[in-house]
Amino acid sequence: MRLTTLVRSAALTAAAALALTACGVSNTDDDTASGSGSGGSATAEKLSGLRIMVPNSPGSGYDQTARAVSADLQSAGLSGSVEVFNQAGAGGTVGLARLINEKGKGDLLMQMGLGVVGASYSNKSEAKLTDTTPIAKLIEESEAIVVAKDSPFKTLDDLINAWKANPGAVPVGGASNVGGPDHLTPMLFAKAVGLDAKKVNYVAYDGGGELMTAVLGKKLGFAATGVSEVVEQAKSGDVRVLAVTSETAVEGLDAKPLKDQGVDLTFTNWRGLVAAPEISAADKDKLIAAVTALHGTEEWKKTLADKGWTDAFIPGDEFSTFLTSESDRVAGVLKELGLA
């Protein structure tokens, strides 16, 4: 099986049991909301008391996505005030464990994606995504190959030649544990250019903010990260993007796809929302209806365009099926790379 085909839709990638006091997701008196006023097609009860947990640090792709969801839900009139908070650690599995321990809490969502799937494998987490309540897959996003502005690697070929000559001397960073998107990208990149993935010197950071600090501090040869996490730094000239993993160029980034530079690899990350286990059917339906309504709003469409995210909306049970298949793909890709 060609890795390019496999990873086009593939998702890879000391838990805390903390209790929260919650009021539950509910509709306020005489309070229903419709996305139709903002271009949506779904009608949903207005949420109240909603919390969204981000399982890694501020500035990460998960953090950006959760805060965009929060802002657009409120702007579209689909929710009252939304609390977004960070619960970083162990590639997202600390947050996952917290979510699992919030059984029945219908007011709590966790922003997640391919990275949490991978981390649940690499950290041998007892908390599993299969124990959560899937709400919706939201977006897909390509990765960027990034260097500091004054890096000696001026072109992708410069990087590849130095990397193949001495892999250990060219550390690559990412905001993913083993099996996550920022880890899989350089591993698949290495394989595509004829470098043994086992020789790659990969350094994991707990979030995009820490990763960019390492890039700017010249602690890495290069980094792999979501395109939305480097757009502003690239525009300001603090970093240079040598390539993107998408099929075509990404608007707002002056960088060619790997495929257009002779590297046969495309790769797509994804992000979605899950809720706590054992929430009521009514709370599950409210959350899915609200996110479905959000998907149709002009606010969300603008966010997708501004962030360079690809719409990949899959709600409810269909997302649950997707998560199961992606978990299986994690093991398959890691095994093919010789990393599991």
Inset, instruction - Could you give log10 I(q)/I(0) at q = 0.16, 0.32 Å⁻¹ for region 224-270, computed by the Debye formula over C-alpha point scatterers of equal weight, without solvent? - result: -0.40, -1.29
Legend entry - Cα-based Rg and Dmax for the chain, where Dmax is the largest Cα-Cα distance (Å): 19.6, 67
Inset, instruction - Would you kindly derive the ³J(HN,Hα) couplings of region 204-211 from the backbone phi angles with the Karplus curve 6.51 cos²θ - 1.76 cosθ + 1.60 (θ = phi - 60°), listing them in order in whole Hz, with x for Gly and Pro? - result: 8, 10, 8, x, x, x, 5, 5
Legend entry - Cα lying deepest toward the dipole's positive end in the chain, options 312, 273, 197, charges on Cβ: 197
Legend entry - Simple label model, 7 Å out from Cα along Cβ direction - residue 251 to residue 301, nm: 1.2 nm
Inset, instruction - Hey, can you find the accessible area per residue of the chain for me, probe 1.4 Å, expressed in square angstrom? - result: 39 Å²
Inset, instruction - Report, for region 146-294, the % of DSSP beta bridges that are antiparallel, rounded to 5. - result: 40 percent
Legend entry - Enclosed volume per residue, in Å³, of the convex hull spanned by Cα atoms of region 89-205: 125 Å³
Inset, instruction - Counting only C-alpha contacts under 8 Å and six or more residues apart, can you give the relative contact order of region 82-129 as a whole percent? - result: 42 percent
Inset, instruction - Provide the percentage of antiparallel DSSP beta bridges, counting only those with both residues in the chain; round to the nearest 5. - result: 65 percent
Legend entry - Dipole moment magnitude, nearest 20 debye, region 207-289 about Cα centre, only Lys, Arg, Asp, Glu C-beta charged: 220 debye
Inset, instruction - Express in nm, to one decimal, how much length is gained between residue 238 and residue 199 on full extension, taking 0.36 nm for each residue of separation and deducting their alpha carbon distance. - result: 11.2 nm
Inset, instruction - Take every Cα-Cα distance within region 268-331, group them into 10 Å bins from 0 onward, and report for each bin the whole-number percent of pairs it holds. - result: 17, 46, 32, 6
Inset, instruction - Using only the alpha carbons, work out the radius of gyration and Dmax of region 111-178 in angstrom. - result: 17.1, 47
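Measure off, as a whole percent, the carbon and sulfur share of the 1.4 Å-probe accessible area of the chain, all protein chains present.
Using a 1.4 Å probe with all protein chains present, the chain comes out at 48 percent carbon and sulfur.
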Inset, instruction - Mind giving me the nanometre distance, one decimal, between the label points for residue 261 and residue 131, set 7 Å out from Cα along Cα→Cβ? - result: 4.2 nm
Inset, instruction - Treating only the Cβ atoms of Lys and Arg (+1) and Asp and Glu (-1) as charged, compute the dipole magnitude of region 250-340 about its Cα centre; round to the nearest 20 debye. - result: 140 debye
Legend entry - Charge dipole (debye, nearest 20) of the chain; +1 at Cβ of Lys and Arg, -1 at Cβ of Asp and Glu: 1100 debye
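The values are calculated or read from the model by the stated rules, or taken from the named source; none is laboratory data. Predicted, not measured: the structure shown is a model, and the values here were computed from it. Don't worry about glycine lacking a Cβ; one is built from the backbone with ideal geometry, like all the others, and counts go over all protein chains shown. Note: areas computed on protein heavy atoms with side chains; ligands, DNA, RNA excluded. Shrake-Rupley method; radii C 1.70, N 1.55, O 1.52, S 1.80 Å.
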